Amino acid sequence: MKTLWLVRHARPLIDTDRCYGRLDMAADAQATRQAAQALHKALLPLRGDLQLWHSPLQRCEQLALDLKALQPDFTATPDTRLLEMNFGHWEGQRWDDIGESAISAWAKNLARHAPGDGESLVQMLQRVSQALDDARRNPSAHVVWICHAGVARCVQWLVQHGQQLPQSHEWTLPAPAYGQWVQIALS
């Protein structure tokens, strides 16, 4: 069975009360090393039959490079389709400073509204869907994505609901904790 591993980067070095979708910052180095060691142990039996892709943001690239240091034969390929949502001018702002009315406008039209004039969920779902199609066509039995919470949620939505657009009350999909992963069976 073909499996997609959705691995979330370690905790980024930013206040958790800030919007940081596409902001490019490092992750905690020690937590990244620990995540790489745990992932390496889990992937070791599969190493001959897997592909590793990662978001080009440094918090994901760090984990990919730490994993590659443990297993030099892994090839880590950056893929912009695995980027987190672009929150436009909300990036770096405290959620409280963005304002309830702006967040409510996004929630009312979750799929089509571009928060901060950045990227809409429809746009994000489209690019993640393209990457998911490529993962399904990939000849390897295991595809590993080092990515973000939003990408993990998009994959789960697409696997469960296809191209149907979510309403805000339906967007309750879990994401892996920092440095953790989930496995999704691909058909």
Residue-averaged [θ]222 nm for the chain, counting only DSSP H segments that reach four residues, each worth -39500 (n - 2.57): -11500 deg cm²/dmol
Between 0 and 90°, nearest 10: helix 149-161 axis offset from the chain longest Cα axis: 90
Difference of contour (0.36 nm per residue) and Cα-Cα distance, residue 165 to residue 109: 19.1 nm
Selection from 130, 116, 14, by position along the positive dipole direction of the stretch 2-186 (Cβ): 130
Estimated D of the chain in µm² per second, where Rh is the Kirkwood radius over Cα pairs and Stokes-Einstein applies at 4 °C, 1.567 mPa s: 77
Size of electric dipole in the stretch 1-92: Cβ of Lys, Arg +1 and of Asp, Glu -1, about Cα centre, debye, nearest 20: 260
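Where both partners of a DSSP beta bridge lie in the chain, what percent of those bridges are antiparallel, to the nearest 5?
Restricted to the chain, the bridges split so that about 35 percent are antiparallel.
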Estimated vicinal HN-Hα couplings, Hz - the stretch 8-18 in sequence order (Karplus 6.51, -1.76, 1.60; Gly, Pro = x): 8, 4, 6, 4, x, 8, 7, 4, 6, 8, 10
On Cα atoms only, tilt of 121-137 relative to the major axis of the chain in degrees: 20
Inter-part distance where the stretch 1-70 and the stretch 71-88 are each reduced to a Cα centre, Å: 9
Dipole of the chain, positive direction: furthest Cα of 184, 25, 174, with charges on the beta-carbon: 184
Angle between the chain longest axis and helix 29-43 axis [Cα atoms, degrees, rounded to 10]: 50
Amide H contacts of residue 52 (H built 1.01 Å from N, under 5 Å, at least 5 apart or other chain): 75, 77, 144
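Any read-out appearing in this document is the output of simple, stated calculations on the displayed coordinates, not a laboratory observation. Only a predicted model underlies this, so the values are computations on that prediction, with no experimental measurement involved. Glycine gets a Cβ as well: all are built from the backbone with ideal geometry, and neighbour counts include every protein chain shown.
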